[in-house]
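S.K.: Before I ask anything, here is the structure I am working with.
The values are calculated or read from the model by the stated rules, or taken from the named source; none is laboratory data. Computed from a predicted model, the values in this text were never measured in an experiment. Cβ atoms come from the backbone with ideal geometry, glycine included; neighbour counts cover every protein chain shown.
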Amino acid sequence: MLIYQGSQIELINLSGNQFKNEGVMPIFRGLAAAKSLLKAQLCDCGWEDTQEVVQAMKIAFSSNKKLVRYDFRFNLISDEVISSLITDLIPNNPHIQDIELSCIISDETRAELAAALAGNKPKKGKGGKGKGKGKKK
């Protein structure tokens, strides 16, 4: 349903499902191809940041330019993996606006992630509502 061109699903919440590493990898492949998804919640799904899972996550981040918010709280993601996302992935994927993580991440890494994502947030103010074109003569 997520990969169909006419899909209008903007949020998927799969939190609490114990997918573990084997189950979350096809989820990341689906997120990479989702057409209208804006936010994915994969909280407390029992997955860890193994090399295979991180690779699938990076593909999802870089392939889907519409998906801008990720919620990965209560899964085991290390500071090292978040640091690699900050240096290798986020600068090349300005569409990523938010990645929510558990409190097991150090305050320093959390601050670095917030700083890296700060430039990716939509600008407040005008909101695309500019002055319309003048009347046709």
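S.K.: Has the stretch 110-117 got at least one residue that is among the acidic types (Asp, Glu), loosely packed, with under 15 Cβ neighbours inside 10 Å and farther than 18 Å from Ile12 by Cα?
M.R.: Checking the stretch 110-117: not a single residue is among the acidic types (Asp, Glu), loosely packed, with under 15 Cβ neighbours inside 10 Å and farther than 18 Å from Ile12 by Cα.
Conditions tested, residue by residue: (1) touching a residue at least 12 places away in the same chain (Cβ under 8 Å); (2) closer than 21 Å to Glu48 by Cβ; (3) more than 12 Å from the chain's Cα centre (by Cα).
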site: Val81; (1), (2), (3): yes, yes, yes
site: Leu85; (1), (2), (3): yes, yes, no
site: Leu89; (1), (2), (3): yes, yes, no
site: Asp98; (1), (2), (3): yes, no, no
site: Leu113; (1), (2), (3): yes, yes, yes
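S.K.: Just one of Leu37, Leu85 is buried (at least 17 other Cβ atoms within 10 Å of the Cβ), within 20 Å of Ala115 (Cβ to Cβ) and at pLDDT below 95; which is it?
M.R.: After ruling out the rest, the residue left standing is Leu85.
S.K.: So is Ala60 in contact with a helix residue (DSSP H, G or I) (Cβ under 7 Å, 6 or more places away or on another chain) and either buried (at least 16 other Cβ atoms within 10 Å of the Cβ) or at pLDDT 95 or above (or both) or not?
M.R.: yes
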